[in-house]
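Report on the structure given below.
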Amino acid sequence: MKKLPIGIQTFENLIKEGYVYVDKTRFVKELGDQGKYYFLSRPRRFGKSLFLSTLKAAYQGKRELFSGLFLHDNRDWSLTNPVIHISFGAGVVRSIEELQSSFSFILDNHDHLYDHTPRYTELKNRFAELIQKLHDNFGRKVVLLIDEYDKPILDSINNTDLAVAIRDELKNYYSIIKDADQHLEMVFITGVSKFSKVSLFSGLNNLQDITLLPAYSAICGYTRQELESVFADRLEGLDLEQILSWYNGYSWLGEKVSNPFDILLFLSTRTFSNYWFETATPTFLIKLLQKRNYSIPDLNNLQVGEKLIGSFDVDRFEVETLLFQTGYLTIKATKSMGGMRRFTLGYPNQEVRQSLADYLLSFLTDTTIEQEKNKFALYEALEANDFDRLKELFHAFFASIPSEWYKKNQTANYEAYYASIVYCYFAATGVELRPEVHTNKGRIDLTVWFENRIYIIEFKVKEQCGAGKALKQIQEKRYAEQFAASGKEVYLLGIEFSSTERNLTDFEWEQAY
C-alpha cells in the first residue's frame, strides 16, 4: 500500500518516494497540444502546485518519473525546455519591500540554477533578461509557471491601499510576459482568485482562462472514479456515499470533484472532520457578510450572472465572487438566457456547509462556549421532536449574546440577522436544510429535514410586520401542501423576534401531516 501524499506538492518527490499519485498527466499533453497561455483558478489546497510541478517535470524531460502514467507513451521526450517556476505561496507579504525581496530571491535561485549572471538590478528587467537568456542558451523556448500569482494581494485584501500597491508592483513584473512571447513555449498561471486582465495582465489578451471549461474541470481534485480506482484498498469498510457527501461536490461546469487535502487526511484518520476548512479562517469574508447585512440562508441558493463569478479587483469586488473563488460556494446549476448565463451557487458539501455555519455563529453571537452547548442540545431536541425544548433553546441562543455586541452591530435590527443565527445553528449540527424553498404561493424561509420529519419555518421581526404573522403566513399560503406526498411528518413553525427585546417573542407550531 503506497503512502498518502499529505502535504506533498512536488511531483518528483511524490513519485520517487513512493506516494500515491492520481494521474493527471493527460492534461499536460492536452495543454501542450492546444495552446500556449493558460490561467487556472482553484481554491487553496486543491492540487494546483502539484500540477505545476508535474508540468515542470514533463517539460524538463524527466521521463523516468512518468512510468505507468498516461504521458509516458504520449510525449516526444527528446524535446525539453528550460523552466522558470515562480511561486508566491510561501509566507505572508506585508509590504512592497517584502514582495520585492521575495521576487528577488526567486530570481536569484534561477540565476544560480542556470549559471546566469544578470546585468540588471531592476526586478522587471532581470525577469525579462532571464527569459531571453535561457532561450538563447538552451536553444529551446522557456516554460513559465507562476503559482499563487495573487497571494501577495490577498494577504492584504483588507487593506485596500496596500493591496492596490502590491497589485501594481506585480503588474510591473507580469507586464514583461507579453513582450517575451518569442521566447516562451508555454505560460501557466494559477491562483485562488481571478483578477481582471486589465488590472494585472494588461495586454496579454491571449491568456486563456480554463477555470470554467468543462474539459478541465477535473484538472485538480479527485473525481469519484479516481477515488474508487486509485484508493480502492483504503476504501474497504468505508461508506463511499458518505465520503462524497462530506468532501465531493465542487463543480466548474464539468465532473464534480473532491478536495484532495480532505480525502487524503480522511483516508489517513478514517474520521470525518473539517480538514480543509481548518487550514484557513475566512475572517475577512465573514466581516464582509456582516457589513452588507447578508442573509446567511441565502448563500445556499444564490443566483448570479457570469460577471459575478468572474474577475474582480481589490478596490471593487462582490462577496459572492470571493465566496465562489475561495471554495465556500460552488456552481450547482446553470441556465442559458439569450446570450447570458445564470449560475446557481451553493455549498459544495457537508464540510463547508457545517463548518462555515459554525464559524459564522462565532461572529454573529460572540458566544463560543454557549454556542457549543446549544448545538448539541438542539440536535437532541430534534431527535426527541420536543417543541418546548426547541423554544427554550431558541430563546437561549439570543439571551446568551452580550448586550455590548448589539451596540457595535447594526445587523441585529434586521430579520436576516435572526434568521441567520437560527439557520447557522441548524447547519452546524449537520442536519439537512433547504432555505428559500419556492412554492406557487410564495417562498418558505427555511425547511429542516430530520429523519422522518420536515419542519417548515417562517421568521418575522415584530417591529417590522406586527405580531402573530409568522405561523399565519405558512397556513394562509399553504406551504405544507407540496410535502403532503413525501411520506414524512410535516410541522409548521412560526418564529417571531423583537429587535428591541433582542430575543424570541413568539413561537407557534402545529402538525400539518
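Computed values, structure above
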{"quantity": "Output for segment 19-37, where each listed residue is among the small types (Gly, Ala, Ser) and either buried (at least 20 other Cβ atoms within 10 Å of the Cβ) or assigned to a loop (DSSP other than H, G, I, E, B) (or both)", "calculated": "Gly35"}
{"quantity": "The listed residue being within 30 Å of Leu323 (Cα to Cα), at pLDDT 80 or above and open to solvent by 90 Å² or more (accessible area, probe 1.4 Å), out of Phe376, Phe394", "calculated": "Phe376"}
{"quantity": "In segment 278-298, the residues that are in contact with a helix residue (DSSP H, G or I) (Cβ under 7 Å, 6 or more places away or on another chain), in a helix (DSSP H, G or I), farther than 26 Å from Asp209 by Cα and not polar (S, T, N, Q)", "calculated": "Ile286, Leu288, Leu289, Ile296, Pro297"}
{"quantity": "Check on Val164, touching a residue at least 24 places away in the same chain (Cβ under 8 Å) and in contact with a strand residue (DSSP E or B) (Cβ under 7 Å, 6 or more places away or on another chain)", "calculated": "no"}
{"quantity": "For Gln511: the one exception among (1) within 13 Å of Val437 (Cβ to Cβ); (2) over 37 Å from the mean Cα position of the chain (by Cα)", "calculated": "(1)"}
{"quantity": "Failed item in (1) without any contact (Cβ under 8 Å) to a residue 40 or more places away in the chain; (2) open to solvent by 60 Å² or more (accessible area, probe 1.4 Å); (3) within 30 Å of the chain's Cα centre (by Cα); (4) on the phi > 0 side of the Ramachandran plot, with Asp115 passing the rest", "calculated": "(3)"}
{"quantity": "Members of segment 485-503 that are open to solvent by less than 50 Å² (accessible area, probe 1.4 Å) and not hydroxyl-bearing (Ser, Thr, Tyr)", "calculated": "Val490, Leu492, Leu493, Gly494, Ile495, Glu496, Phe497, Asn503"}
{"quantity": "Any hit, segment 353-370, residues being among the hydrophobic types (A, V, I, L, M, F, W, C), open to solvent by less than 50 Å² (accessible area, probe 1.4 Å), in contact with a Lys or Arg (Cβ under 7 Å, 6 or more places away or on another chain) and at pLDDT below 80", "calculated": "no"}
{"quantity": "Among residues of segment 123-168, those that are open to solvent by less than 40 Å² (accessible area, probe 1.4 Å), assigned to a loop (DSSP other than H, G, I, E, B), on the phi < 0 side of the Ramachandran plot and among the charged types (D, E, K, R), counted", "calculated": "1"}
{"quantity": "Some residue of segment 84-94 being under 23 Å from Arg234 (Cα atoms) and either buried (at least 21 other Cβ atoms within 10 Å of the Cβ) or free of Cβ contacts under 8 Å to residues at least 12 places away in the same chain (or both)", "calculated": "no"}
{"quantity": "Selection from segment 215-241 of residues that are open to solvent by 80 Å² or more (accessible area, probe 1.4 Å) and not acidic (Asp, Glu)", "calculated": "Arg224, Gln225, Gly237"}
{"quantity": "Among (1) of a type in the set (A, V, I, L, M); (2) farther than 23 Å from Leu378 by Cα; (3) under 33 Å from the mean Cα position of the chain (by Cα), the one test that Ile444 misses", "calculated": "(2)"}
{"quantity": "In segment 472-502, the residues that are assigned to a loop (DSSP other than H, G, I, E, B), within 21 Å of Asn385 (Cβ to Cβ) and in contact with a Lys or Arg (Cβ under 7 Å, 6 or more places away or on another chain)", "calculated": "Lys488"}
{"quantity": "Answer residue from segment 182-206, given it is small (Gly, Ala, Ser), touching a residue at least 60 places away in the same chain (Cβ under 8 Å) and part of a loop (DSSP other than H, G, I, E, B) and is surrounded by the fewest Cβ atoms within 10 Å (Cβ to Cβ) among those", "calculated": "Ser196"}
{"quantity": "Output for segment 299-315, where each listed residue is surrounded by 14 or more Cβ atoms within 10 Å (Cβ to Cβ) and in contact with a helix residue (DSSP H, G or I) (Cβ under 8 Å, 6 or more places away or on another chain)", "calculated": "Leu299, Asn300, Leu302, Val304, Leu308, Ile309, Gly310, Ser311, Phe312, Asp313, Val314"}
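The values are calculated or read from the model by the stated rules, or taken from the named source; none is laboratory data. A quick note: this is a predicted structure, and the numbers were derived from the prediction, not measured. As a convention, Cβ positions derive from the backbone with ideal geometry for all residues, glycine included, and neighbour counts pool all protein chains shown. Accessible surface is based on the protein model in full, side chains and every heavy atom, while ligands, DNA and RNA are left aside. Shrake-Rupley method; radii C 1.70, N 1.55, O 1.52, S 1.80 Å.
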